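Have a look at the structure below before the remarks.
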Amino acid sequence: MVHKNRQSKLEGPDSGFVLAGHFQENDSYSCSRPNGMKDWLIVYTLDGEGYFEIPGERMTCRSRDVTILRTGTPHRYGTVAGGTWHFVWAHFDDAMIARHWLPDKSLFLQTIDNETVRKRVYRAFMKILSDSRERTDYWNELCVQSLTEIMILLTKRRQSRLDSRVEEALHLLSRQMREPVRIEQIARAVQLSPSRLSHLFKEHTGYSIVDAVNQMRIRQAALLLEHTERSASEIAYDVGFHNYNHFINQFHKWQSMSPSSYRKSKR
């Protein structure tokens, strides 16, 4: 299937996404817009290979790559010769997204090397597809929210100084915060040995894995002390401490006061 000079068609300032789709194309697929287009294009490659060409630059996009093409940029894109390209995409008006979330380059490519972020980006694209097709009440606002989530995730990943495996470990720890810390299980999930993960984690965060979990727990406990009427012992259990004295000691370590003093200071 060959697409040439496909031009986006804006429906007005509140129209939302003008096009969104999920394609799997062979190498006959190409699209050429020598005059650029009025909107932006974002593409997330799921499998195979595609290419983007703008004056003086060519990029190949593969699985895990997000490619963003700026409005008004002359371009051509398609499936790499001899292959297939499986991807999701959306056109959007830049007035819908805060400028600081948009890349400065005419053609931008970012590889997502964090599994959790990949899953979130994919889910956000699926929500864009369904909401833009259904067009029920507030479909446009829902699309904007999903795209904004993608842009924030990309910006956060670009600015992060953490190794992607450490980021994934932190995410897994946050999901399992109330459970006993199982370093072997986390290490297996991020495909590292327990010793290598522990070393890498400390190198990038400055904390041991156990300290990082306890810090998460105490931060959550502090919020619950400030904003709920639950007792300190109830909160200790809520955040994963089964020994109240251990909770008190950890609270002192991270907040430099007792839970009761913290609650009084916030009230």
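In Å and on Cα atoms, what radius of gyration and Dmax does the range 78-199 show?
Values for the range 78-199 (Cα only, Rg and Dmax): 17.8, 52 Å.
Between their Cα atoms, which of Lys202/Lys266; Lys119/Lys202; Lys156/Lys264; Lys127/Lys156; Lys119/Lys156 are more than 24 Å away from each other?
With Cα atoms farther than 24 Å apart: Lys202/Lys266; Lys119/Lys202; Lys156/Lys264.
If I stretch the segment between His199 and Leu162 completely, what's the gain in nm (0.36 nm per residue apart, minus their alpha carbon distance), one decimal?
12.0 nm
Compute the Rg to Rh ratio over the chain from the alpha carbon atoms, using the Kirkwood formula for Rh, and round to two decimal places.
1.09
How much accessible surface area, in Å² rounded to 10, belongs to the heavy atoms of His246 with a 1.4 Å probe?
80 Å²
Compute the helix-to-body angle for 244-255: its Cα long axis versus the longest principal axis of the chain, expressed 0 to 90° and rounded to tens.
60 degrees
Provide Arg267, Arg70, Arg120 ordered by accessible surface of protein heavy atoms (probe 1.4 Å), highest first.
Arg267, Arg120, Arg70
Using 0.36 nm per residue of separation minus the Cα-Cα distance, give me the extension gain between Arg230 and Asp47 in nm, one decimal.
61.0 nm
Report the extension gain between Thr148 and Asn243 in nm, rounded to one decimal, defined as 0.36 nm multiplied by the number of residues separating them, less their alpha carbon distance.
Stretched fully, the Thr148-Asn243 segment lengthens by 30.1 nm.
Identify which of Asn243, Asn26, Asn35 has the largest mean-square fluctuation in a Gaussian network model of the chain, with springs joining Cα atoms closer than 10 Å.
Judging by the Gaussian network model, the answer is Asn243.
Go ahead and estimate [θ] at 222 nm for the chain from helices alone: -39,500 (n - 2.57) per DSSP H run with n ≥ 4, summed, over the residue count, rounded to 500. Please list the in-between numbers first.
Values: 9 runs with 118 residues, N = 267.
Calculated mean residue ellipticity at 222 nm is -14000 deg cm²/dmol.
For every other residue with a beta carbon closer than 10 angstrom to the beta carbon of Lys105, add +1 if it is Lys or Arg and -1 if Asp or Glu, then tell me the sum. Mind dumping the intermediate values first?
Working: positive: Arg70; negative: Glu57, Asp104.
Result for the local shell: -1.
For the range 109-267, what does the equivalent ellipsoid look like in terms of its semi-axes, each the square root of 5 times an eigenvalue of the Cα gyration tensor, given largest first in whole Å?
34, 24, 13
Roughly to the nearest percent, how much of the accessible area of the chain is carbon and sulfur, given a 1.4 Å probe?
47 percent
Can you tell which of Tyr51, Tyr237, Tyr122 shows the greatest fluctuation in a Gaussian network model of the chain with Cα springs below 10 Å?
Maximum fluctuation in the GNM of the chain, among the listed residues, is at Tyr237.
GNM, the chain, Cα, under 10 Å: largest mean-square fluctuation among Asp93, Asp104, Asp163?
It is Asp104.
When ligands, DNA and RNA are left out and all protein chains stay put, how many square angstrom of accessible area per residue does the range 28-140 have with a 1.4 Å probe?
45 Å²
The values are calculated or read from the model by the stated rules, or taken from the named source; none is laboratory data. All figures in this text were calculated on a predicted structure; none of them were measured in a lab. Note: ideal-geometry Cβ built from the backbone for every residue, glycine included; neighbour counts use all protein chains shown. Only protein heavy atoms, including side chains, enter the accessible area calculation; ligands, DNA and RNA are left aside. Shrake-Rupley method; radii C 1.70, N 1.55, O 1.52, S 1.80 Å.
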